[in-house]
Amino acid sequence: MKRYLILTIMLLAAHGFIFAQDTTGKQSIQTNNDEVQTLFSGKSHHNKRLPGWYVGPTATYTQFGGKSAFMPGIEGGLIINHFFSIGLAGSITANVNNLYYQNVQDTMNAYFVGGYGGVRMEFTVFPKFPVHFSFPLLIGGGSSAYLHKYNNLHNGSNNGDYEVIEWNTFFVLEPGIRAEVNILKFMRFWIGGTYRWVPNYQLMKTSGDFMSNFNISAGLKFGKF
């Protein structure tokens, strides 16, 4: 009888150990599925039931009318279930001196300035891998203008005042693709390309496809992923 009791206790203990191992294994697998892998800080855990968030600077190279333009900007939003994000983004022209066009109004030359922004959505493929891809889409609008500069000739200075020759507003649709790297649990780096489509663009002595062009962009994301 004592022998059977000891055997029964050993079987129950073994069964409990196996059950505990199995439960721990399942929990470990589930936890691993929720972990985001990074390059330099191992793995980070984020409850997928709670939305994450991010914000970060952007830098874009593009062209307007054959002239190179640099557009710094900012973007941010909420991250839903790791895969989908929705938020806002915007950028403006920075190197205005390079965007100089002749005979905009009769023989008057002018500088081009502009910016745009809107709602930004993004779907990410395999977001928990250290390197992955995403597909952003921006839907919004913007404004642009031609500025003419009057020099202060009376004091020999090249500084002067600007006059708006003409300005407009426009609709913009910008889809793209990005390669993104999880550097740290709170920081990501990305680089990618987009196509900016601006239909029915109207500005004096400017072609309708002046704003529509391919872009190369890069940036950082800081937040809770």
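The values are calculated or read from the model by the stated rules, or taken from the named source; none is laboratory data. Model, not experiment: these values are computed from the prediction. Because the Cβ atoms are built from the backbone with ideal geometry, glycine has one as well, and the counts that use them run over all protein chains shown.
Applying the criterion of being aliphatic (A, V, I, L, M) and either farther than 27 Å from VAL104 by Cβ or surrounded by 19 or more Cβ atoms within 10 Å (Cβ to Cβ) (or both) to the residues of the range 186-215, the residue that is farthest from the chain's Cα centre (by Cα) is LEU203.
For the structure I just gave you, tell me whether GLU75 is within 25 Å of ILE191 (Cα to Cα), modelled with pLDDT under 95 and of a type outside the set (Lys, Arg). For GLU75, the condition - within 25 Å of ILE191 (Cα to Cα), modelled with pLDDT under 95 and of a type outside the set (Lys, Arg) - is not met. Tally up the residues in the range 111-128 that are touching a Phe, Trp or Tyr at 6+ places or on another chain (Cβ under 7 Å) and of a type in the set (Val, Ile, Thr), please. Selection size over the range 111-128: 2. For beta carbons closer than 6 Å, sequence separation of 6+ or different chains, a first residue in the range 188-206 that is within 30 Å of ASN103 (Cβ to Cβ) and at pLDDT below 95 and a second that is buried (at least 18 other Cβ atoms within 10 Å of the Cβ) and not aromatic (Phe, Trp, Tyr), the qualifying pairs are LYS205/VAL104. The condition (being of a type in the set (A, V, I, L, M, F, W, C), assigned to a strand (DSSP E or B) and crowded, with 18+ Cβ neighbours inside 10 Å) is satisfied by just one residue among ILE79, ILE74, ILE86: ILE79. The residue of the range 101-145 that is surrounded by the fewest Cβ atoms within 10 Å (Cβ to Cβ), among those that are touching a Gly at 6+ places or on another chain (Cβ under 8 Å) and more than 29 Å from PHE189 (Cβ to Cβ), is SER143.
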